[in-house]
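Data first, discussion second: the structure below is written as structure tokens.
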Amino acid sequence: MSILPDSLPPTTKLYWQDPYRTAFTARVLHRLEVDGRPGVVLNRTCFYPAGGGQPHDIGALAGIPVVDVTGDEAGRIIHWLQAPLPDEPDEVHGEIDWPRRFDFMQQHSGQHLLSAAFQDRLYRPTIGFHLSDNSVTIDLPGPPPDDEAAARVLDFVQAAIAEARPIIARLHPLEEAIRLPLRKPPQVDGPVRVVEIQGLDWSACGGTHLRNTAEIGHLVITRMERRGDQTRVHFLAGGRAARDHLERIRITRELTSRLSTSLGDLPAAIQRMQDQVKQSQKAVRQARELLTRAEAQRLIAEAPHTGGVDVVYHILEQDELWDMESLIKMLISFPSVVAVLGSMEAGRARWIAGRSENVPMNMLDNLAELKETFAGVQGGGSRDLIQGVAPDFDTLTKALHLLQAFAFDLPDLISEE
Ligand SMILES: [Zn+2]
């Protein structure tokens with residue numbers, strides 16, 4: 001149901017009569033307001049309402065910004081305004097945002113041609129079309145075509161652009177329209193508006209199009225994305241393709257300069273760099289392991305020896321090259337070690353304690369006692385390794401000393417070996 005009175009006649013579509021017309025005068029036929037947004041219906045307009053995959057125009061009526069344009073089933077077009085029109089006069093001057101509209105015409109006409117090319121070269125029908133200020137796509141059934149197939153499609157497109165084929169829109173009676181080789185059957189009851197790329201393509205469409213294919217300028221596919229059992233083809237036409245080209249030149253120029261290589265050698269240069277990074281990472285891992293081992297051996301050598309066990313106590317400094325976990329794992333990989341480590345990182349007091357496989361001590365018992373003794377000490381772990389946090393540095397050192405004491409209290413089980 002329309003929000004407009006039945007008596008209101010359909011709006012004359014100046015954007016169909018001449019899609020290149022940017023300004024017009026018209027009579028105000030009806031004013032309305034919905035949810036605080038003023039709207040106006042004119043006897044005629046250049047403003048294209050949203051539809052058929054093409055976004056609505058923006059611009060101004062009597063100097064007031066037009067923020068949205070919608071059409072109803074009866075062909076009446078509502079201009080939604082940022083502020084109400086003055087009451088007088090009844091005739092207004094309108095102007096559309098032409099650069100934006102021309103961009104849409106390039107993308108939309110490019111879409112007709114690209115869809116025709118996919119149909120002609122790969123027998124792939126277009127089942128979806130999306131156009132916005134920053135993206136334009138069509139959807140095809142099936143998986144993405146390979147590079148060779150895509151090249152054949154683009155050859156078809158570029159040939160048609162070079163031929164500057166006229167693009168003509170005509171209203172046909174339905175019975176006449178259905179005899180045309182339309183890419184999709186028409187979805188209207190009355191006369192059908194058919195947009196023809198002369199001799200190449202016939203589409204039922206209510207959008208705005210260029211005069212001829214030469215004005216598409218250039219068309220490129222930027223990405224083909226698999227979506228379930230369909231493919232979304234991202235493409236750019238006209239000014240968008242040109243701007244994208246410049247951006248790619250800027251980026252590749254920066255990359256070739258940084259890597260001191262040519263455009264063609266860029267992929268190989270990046271591959272070499274990735275290989276080098278991998279090798280370096282491996283070398284760093286190996287070096288760090290050697291250093292951690294040396295540090296573990298130094299800590300064990302300096303540790304008090306009691307009951308056949310080396311009891312390591314250590315608080316890590318900020319700049320140590322190993323983390324607490326790898327250091328404790330290294331420490332308890334040596335036999336007869338109990339290790340108690342702590343660290344302060346970003347104001348967090350962390351502790352970790354572990355024992356070698358041959359030390360008969362259940363660290364979970366120690367954990368239980370630790371939690372009972374110090375409020376705010378939390379943690380978890382296994383029979384040979386426990387770790388957690390303390391509320392502050394003072395509690396952390398006290399907790400570490402208690403963990404150390406458990407090791408000193410061990411019966412001389414190992415010393416008999
Ligand atoms: Zn169209």
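The values are calculated or read from the model by the stated rules, or taken from the named source; none is laboratory data. All of these numbers come straight from a predicted model, not from anything done at the bench. Every residue, glycine as well, gets a Cβ built from its backbone with ideal geometry; the counts of neighbours run over all protein chains shown. Quick note on the areas: whole protein, heavy atoms, side chains included, nothing else; ligands and nucleic acids left out. Shrake-Rupley method; radii C 1.70, N 1.55, O 1.52, S 1.80 Å.
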Between Ala283 and Thr261, 0.36 nm times their residue separation minus their Cα-Cα distance comes to what?
-> 5.3 nm
Tilt of helix 98-122 relative to the longest C-alpha principal axis of the chain, in degrees (0 to 90, nearest 10)?
-> 80
Candidate lysines for bridging to Lys398, where Cα separation is under 18 Å - those fewer than 8 sequence places away on the same chain excluded | Lys371
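What accessible area per residue, rounded to a whole number of Å², is obtained for the stretch 12-96 using a probe radius of 1.4 Å? Walk me through the numbers before you get to the answer.
Values: 3930 Å² over 85 residues.
For the stretch 12-96, the per-residue accessible area is 46 Å².
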What FRET efficiency, computed as 1/(1 + (r/R0)^6) with R0 = 22 Å and r the Cβ-Cβ distance, is obtained for Thr70 and His234, rounded to the nearest 0.05?
-> 0.20
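As a test of reading the structure, rank Ile270, Ile352, Ile178 by solvent-accessible area (1.4 Å probe, protein chains only), most first. If you can, show how the numbers build up before the last one.
Details: Ile270 60, Ile352 0, Ile178 110 Å².
The ranking, largest first, comes out as Ile178, Ile270, Ile352.
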Convert each backbone phi in the stretch 374-388 into a coupling constant with the Karplus relation 6.51 cos²θ - 1.76 cosθ + 1.60 (shift: θ = phi - 60°), then list the ³J(HN,Hα) values in order as whole Hz, x for Gly and Pro.
-> 10, 5, x, 7, 10, x, x, x, 9, 5, 10, 8, 10, 8, x
Scan around Phe47 for amide H atoms under 5 Å from its own, H built in the peptide plane at 1.01 Å from N, and keep only partners 5 or more places away or cross-chain.
-> none
When the Kirkwood radius is taken over all Cα pairs of the chain, what Stokes-Einstein diffusion coefficient follows at 4 °C and 1.567 mPa s, in µm²/s?
-> 45
Measure nothing but the geometry: give the 0 to 90° angle between the long axis through the Cα atoms of 147-162 and the longest principal axis through the Cα atoms of the chain, rounded to 10°.
-> 30
Of all accessible surface on the chain at a 1.4 Å probe, what whole percent is carbon and sulfur?
-> 52
Given 0.36 nm per residue, what is the gain on full extension from Ser333 to His401 after removing their alpha carbon distance, in nm?
-> 22.3 nm
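Per the helix-only calculation at 222 nm, which mean residue ellipticity applies to the chain, given -39500 (n - 2.57) for every DSSP H run of n ≥ 4 and division by its residues, nearest 500 deg cm²/dmol? Show your work: numbers first, answer last.
Numbers: 9 runs with 142 residues, N = 417.
Computed ellipticity for the chain at 222 nm equals -11500 deg cm²/dmol.
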Please give the per residue accessible area of the stretch 312-417, computed with a probe of 1.4 Å over protein heavy atoms only, in Å².
-> 50
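Looking at the square roots a ≥ b ≥ c of the eigenvalues of the Cα gyration tensor of the stretch 294-417, which shape do they give, rounded for a/c under 1.5, prolate if a/b is larger than b/c, or oblate?
oblate
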Rounded to the nearest 10 degrees, what's the angle between the helix 238-258 long axis and the longest principal axis of the chain, both from Cα atoms, 0 to 90?
-> 30
